[in-house]
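A quick write-up on the structure given underneath.
A short reminder: the numbers here are calculations on the coordinates, not readings from a lab. All values reported here derive from a predicted model rather than from experimental measurement. Positions of Cβ are generated from backbone atoms using ideal geometry, with glycine treated the same way; all protein chains shown enter the neighbour counts.
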Amino acid sequence: MDKARIKKIKETLVKKRPLVIDKLSKEDKEQVFEFCEKYKSFLDQSKTEREAARQIIDAAKQKGFVDIDTALAGKTKNIKKVYKIFQGRCVALAILGKKLSQRGANIIASHIDSPRLDLKQNPVYEDLSLGLMKTHYYGGIRKYHWLAMPLALHGTIIKSNNERIDITIGEHPGDPVFTITDLLPHLAGKIQSNKNISEVFEGEKLNLIVGSIPLGDDEKDRFKLGVLNCLFDQYGITEEDFVSAEIEAVPSEKARDVGFDRSLIGAYGQDDRVCAFTSLEAFLDSEPSEKTIMALFFDKEEIGSEGSSGAKSNFLEDFMSDLLLISGEDTGNRSLRKALIHSSCLSADVNAAMDPDFKDVHEAMNAAKLGFGICITKFTGVGGKSGASDASSEFVGKIRQIFNHHHIVWQTGELGKIDQGGGGTVAKFLAKFGMNVLDCGPALLSMHSPFEISSKADVYMTYLGYKAFYKNND
Ligand SMILES: [Zn+2]
């Protein structure tokens, strides 16, 4: 066979793995950078699930979306653009199309919670003339990531008189920050050398330094008292108020460009606010059409989608039933089940990009790489796909066609080698309704660290991919 023929065969048969940046025009590249400026500011404003929920609702309201509960209470009809927020931590948006119970909706579901350190319910104490606060970590963290770095406190406190106080301390240039100490290397050898990493870094030792000026000169616990006095002076809160508070310690650093060419973004909370932001933008840029489209933003994914604001809850069924009601369709149980079963869903979550320093944990042929576009993950789970949601070949085929048709640069990715570990997303909690679900989002380096890395080109391609999915009217 001649060389030209072999070349032709190769071009036809071998799967291509294009780098996004090679496929972009000069104008496209400018758009990528512009889009990511907006993304960075979303990250800076959304360091907790409640803050992300507020950003999402504000953006939707600006585009004319109305609260579905208010609309239903006022018996308002002919509304196409609605939102629902639940417990301030979980959001759904919809643009209504036609025949929801027969056709279902195109749904993109992400999560807006991220790993962090929560303050305990009795946090304040003193030791060695320092005021300290106890934390309880949330989600999968590597504990040593959180030592010797500036941390901010974000949260909500409900006082005994039911007054609600929202705090953000440590984000503005003049604000104080908080920190967890680390052991100096000079003295770490003997204590740490014979222990494994989980023994060296204990959850109970992630305590924040919050002050060092005592109140009075011979009071008992006068350093703790000094801290409580500051808290009362500045925020009007008492020690008991922490019982009804959700306060999260998060990295105080803002989202930054990474690299001489500024092609990457380094920031806290990109898992999974990168998918929340790109799906929000894709959703708000979509026009009303025949098929209903929805964007879901769940809480509690990082701890197994538990609780009333996580994907295991009845939030989606409740919202879907409201949508049937507002569009004048039958709201019986059968119609609700059909609306859910006929829906198609992208479970929008990140995958792990192959790391040049930790290649061994990945299987290179099936690992995602930074810069190669939105990543399709057919199944998640651990070992022999345990706990997985495994998308059907028909649905993967459909998404592949949509992406190819719209020139979306995409790749596939498995989360690590088979016996290495694994993970899950909200996919299986949506798949239980019978709808087609596929995991789909960008890959990150340093996932679950306080400074996760994304590729700007991937972020933009994720936005375009989600937009193409929403456009599909089948
Ligand atoms: Zn995630």
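Above 39 angstrom, tally the Cα pairs of the chain and express them as a % of all pairs, no decimals. Distances greater than 39 Å cover 28 percent of the Cα pairs. Would you mind checking Lys40/Lys385; Lys134/Lys300; Lys120/Lys220; Lys47/Lys120 for any pair whose Cα atoms are more than 25 angstrom apart? Distance filter (> 25 Å) returns Lys40/Lys385. Considering only the Cα atoms of the stretch 390-430, their convex hull presents on average a projected area of 3.8 nm². Residues Thr76, Thr380, Thr156 in ascending order of nearby Cβ atoms (within 10 Å, fewest first): Thr76, Thr156, Thr380. Peptides 94-100, 231-237, 169-175 ranked from most to least packed give 94-100, 231-237, 169-175, packing being the mean of other C-beta atoms within 10 angstrom over each peptide's residues.
Summarise the long-distance tail of P(r) for the stretch 116-251 by giving the % of C-alpha pairs beyond 19 Å. Mind dumping the intermediate values first?
Values: 4905 of 9180 pairs.
Distances greater than 19 Å cover 53 percent of the Cα pairs.
Extending 7 Å from Cα along the Cβ direction at Ser198 and again at Glu30 yields two label points whose distance is 5.3 nm.
When you work out D = kT/(6 pi eta Rh) for the stretch 318-467 at 37 °C and 0.692 mPa s, using the Kirkwood radius from C-alpha pairs as Rh and the Stokes-Einstein form, the result is 199 µm²/s. The angle separating the long axis of helix 393-405 from the principal Cα axis of greatest extent in the chain is about 80 degrees. Computed over the chain, the per-residue total of -39500 (n - 2.57) for DSSP H runs of n ≥ 4 gives a 222 nm mean residue ellipticity of -9500 deg cm²/dmol, rounded to 500. Extending 7 Å from Cα along the Cβ direction at Glu219 and again at Glu394 yields two label points whose distance is 7.0 nm. As a proxy for reagent exposure, ranking Thr278, Thr331, Thr238 by other Cβ atoms within 10 Å from fewest up yields Thr238, Thr331, Thr278. Going from the residue with the fewest nearby Cβ atoms within 10 Å to the one with the most, Phe315, Phe451, Phe372 rank Phe451, Phe315, Phe372.
Over the stretch 176-225, the fraction of Cα-Cα pairs per 5 Å bin, rounded to whole percents and listed from the shortest bin up, is 4, 16, 16, 17, 15, 12, 12, 6, 2.
If you average over every viewing direction, what projected area does the convex hull of the Cα atoms of the stretch 3-89 give, in nm²? Spell out each step's value before the answer.
Details: hull surface 43.3 nm².
Directional mean of the projected Cα hull area for the stretch 3-89 stands at 10.8 nm².
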